[in-house]
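Trainee: Take a look at the following structure, please.
The values are calculated or read from the model by the stated rules, or taken from the named source; none is laboratory data. This is a predicted model, so every value here is computed, not measured. Backbone-built Cβ (ideal geometry, glycine too); neighbour counts: all protein chains shown.
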Amino acid sequence: MIDLHIHTTHSDGLPTVKEILSLAEEKRLDYISITDHDQVGAFKELQTFDYKKYFSGKIIPGCELRFVYNNMQMEVLGYGYDLNKIKDNYWVNKESYHAIKKALLENCLTKGKDAGFKYNMLEYDPDEKSEKIFYKEVLSYPENLPILERFGVKHSGDFFRKMVASSSSPMYFDPTNYSLSFEDAVDLIHSCGGVAVLAHPFGVYKVDDPKKVLDELLAKNRLDGLECYHANILPEQTEYLLNLCKKHNLISTGGSDYHNYPGQSFAKANFGQTDIPTNLIDNLLKKIDPSRILG
């Protein structure tokens with residue numbers, strides 16, 4: 001089995017790098033990739049200790065870069081890049097990561113009143129998601145609960161996608177000035193020798209017609225692959241994406257998008273129903289310089 005979409009404390013995940021390696025060893029995974037948001041710190045950390053003592057499988061360099069398309073924040077996964085080429089880029093370091101987090105919190109504090117929320121002013125916390133900080137504050141007032149229910153918000157992830165990242169929401173945050181374009185995000189990955197895979201085409205983005213958006217991005221002929229297995233993708237959506245990859249000669253990948261949030265399953269897709277098969281990685285490995293794979 002494999003898991004090519006994992007987050008650690010280097011971005012918004014709860015587990016440390018060593019905890020992820022131990023969990024992957026416990027699950028007897030063949031390949032993993034740590035794909036922190038706009039960060040490659042996990043792979044810098046892996047250079048500082050003997051990771052083979054924790055995990056006997058293979059580790060593919062990865063990251064998850066944000067980009068903006070039609071005023072919506074989306075993500076592309078980068079795999080197999082040259083760490084020396086990518087590690088000092090502005091878009092994959094803490095400066096840009098904290099810039100958007102600070103702006104997002106300011107947006108919540110400014111526009112939260114427009115949604116009818118009651119809350120106090122909050123301080124920026126570099127170790128916590130800004131939307132999660134605000135969501136926790138909102139939950140502390142019972143009068144805010146009907147508003148959350150009206151927007152269909154059940155957890156902080158919902159709050160981000162349905163209230164912060166949705167252009168139809170009164171709390172919409174425009175990430176354009178803090179993010180790359182789709183073309184620039186893919187070009188950055190390619191310039192560092194990596195492979196660009198669209199993250200979770202279904203089940204995450206707040207969009208009326210995800211197939212239409214997917215077709216538009218594929219028409220640009222820049223992507224190398226699609227994430228076909230994901231925690232929030234239905235089995236029939238996985239099948240649709242696998243067939244789409246065959247049609248367009250694209251790489252198929254899969255990952256759990258693991259953060260260790262409540263209810264998440266490591267190395268599982270389709271809402272915890274499906275193991276992510278190892279043979280899914282065969283075509284990806286053909287595109288990656290083997291010398292960059294750890295283990």
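Trainee: State whether one or more residues within region 74-93 are surrounded by 15 or more Cβ atoms within 10 Å (Cβ to Cβ), of a type in the set (Lys, Arg), in a helix (DSSP H, G or I) and touching a Gly at 6+ places or on another chain (Cβ under 8 Å).
Mentor: Within region 74-93, none of the residues are surrounded by 15 or more Cβ atoms within 10 Å (Cβ to Cβ), of a type in the set (Lys, Arg), in a helix (DSSP H, G or I) and touching a Gly at 6+ places or on another chain (Cβ under 8 Å).
Trainee: Taking the condition of being more than 23 Å from Ile32 (Cβ to Cβ) and assigned to a strand (DSSP E or B), how many residues in region 47-73 meet it?
Mentor: 5
Residue by residue, here is whether (1) assigned by TED's automatic domain parsing to the domain that holds His37; (2) touching a helix residue (DSSP H, G or I) at 6+ places or on another chain (Cβ under 9 Å); (3) within 24 Å of His37 (Cα to Cα) holds:
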position: His230; (1), (2), (3): yes, yes, yes
position: Leu244; (1), (2), (3): yes, yes, no
position: Gly254; (1), (2), (3): yes, yes, yes
position: Asn260; (1), (2), (3): yes, yes, yes
position: Gln264; (1), (2), (3): yes, no, yes
position: Gly272; (1), (2), (3): yes, no, yes
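Trainee: Here's another thing I want to ask about it. Take Ser11 and decide whether it is buried (at least 17 other Cβ atoms within 10 Å of the Cβ), part of a strand (DSSP E or B) and among the hydroxyl-bearing types (Ser, Thr, Tyr).
Mentor: no
Trainee: Take the residues of region 143-159 that are modelled with pLDDT of 90 or more and closer than 20 Å to Tyr261 by Cβ: which is surrounded by the fewest Cβ atoms within 10 Å (Cβ to Cβ)?
Mentor: Gly152
Trainee: Could you count how many residues in region 238-257 are surrounded by 14 or more Cβ atoms within 10 Å (Cβ to Cβ) and of a type in the set (Asp, Glu)?
Mentor: Count: 1.
Trainee: For the subset of region 177-209 comprising residues that are assigned to a loop (DSSP other than H, G, I, E, B) and within 27 Å of Asp82 (Cα to Cα), which member is modelled with the lowest pLDDT?
Mentor: Ranking the qualifying residues of region 177-209, first place goes to Ser179.
Trainee: If you don't mind, another one. Specify the residue that is farthest from Val76 (Cα to Cα); the eligible residues are those in region 157-176 that are out of contact with any Asp or Glu (no Cβ under 6 Å at 6 or more places or on another chain), in contact (Cβ under 8 Å) with a residue 12 or more places away in the chain and assigned to a helix (DSSP H, G or I).
Mentor: Of everything passing the filter in region 157-176, Met163 is farthest from Val76 (Cα to Cα).
Trainee: If you don't mind, another one. Taking region 258-286 only, how many residues are surrounded by 14 or more Cβ atoms within 10 Å (Cβ to Cβ), in contact with an Asp or Glu (Cβ under 9 Å, 6 or more places away or on another chain) and outside any strand (DSSP E or B)?
Mentor: Looking only at that region, the number is 8.
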